[in-house]
Each structure stands twice: as structure tokens, then as C-alpha cells.
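Here the structure comes first, spelled out in C-alpha cells, and everything after it is commentary.
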Amino acid sequence: MSAAMRAEALNYLGDCCFFGHGLPEDAAAAVACYTAALAVDLKLRRGERLPEGVAWAHYSLGWCRLRGVGCAPNEREAVRHFRVASNHAEASFALATCCERGVGMDA
């Protein structure tokens, strides 16, 4: 299984934990899965797009960090995740919303 496929599988497992699909709802386990998806060694070349599973994991982890769901809230860390996955539509929108509201940004 390729690294991109492992990352996507971990992201899906995180979603199953978060939403309770086939498993009990567990936001902390979801955060652990999203974090593990980001730890997969992808060896991307400069300028390459993130694989879909990795981009979703960044968005989902950013959402959890922003709201403190399954982890301690950290607006700066949330914005960092949204920035990394800014080629992903939902992450881009979340980043724009944070910028507009000054959430996780320097004054």
C-alpha cells in the first residue's frame, strides 16, 4: 500500500471515529488518526499537491484544533493546518474565514 493510500485510510478511520460510523464516537481517537495520517512519510517534491487524504486530515485536524474537539483548542495551530491544505476547498474556506475574523492571526 502506498504512503498516500495509508494516509487516506487513516483519515477515513478518523472520520469513522469522529462521526461514529461503525465505531463509538470518539473525537480524541479521531484526532489521533488525523495526526497519524499527517505523520505518513510522503516524500512530496516541492510544488506537488498534497494527496487528498492528507489534505482532508489537515482540514479535519484544523477544525478540531479550532474548536477544541478531541484536543485542546489552539487557533494558531488550526490556521497552520488550514494553510498547509489551502489547495483543498474546505481548508481554503476555513482559512479565509479565520483571516476575515482575525482568528489565530497576529494583530
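Set side by side, the residues 65, 6, 45 differ, and just one is within 11 Å of the chain's Cα centre (by Cα) and among the charged types (D, E, K, R), which is 65.
From the list 8, 48, which one is acidic (Asp, Glu) and in contact with a Gly (Cβ under 6 Å, 6 or more places away or on another chain)?
Step by step, each of 8, 48 is checked, and only 8 is acidic (Asp, Glu) and in contact with a Gly (Cβ under 6 Å, 6 or more places away or on another chain).
Pairs meeting the criteria (first residue in the stretch 40-62 and closer than 13 Å to residue 2 by Cα, second residue assigned to a loop (DSSP other than H, G, I, E, B), beta carbons under 6 Å, at least 6 apart or on different chains) are lacking.
No value in this document is a laboratory result; all are computed from the given coordinates. Just so it is clear, the model here is predicted, and its values are computed rather than measured. Cβ: placed from backbone, ideal geometry, glycine included. Neighbour counts: every protein chain shown.
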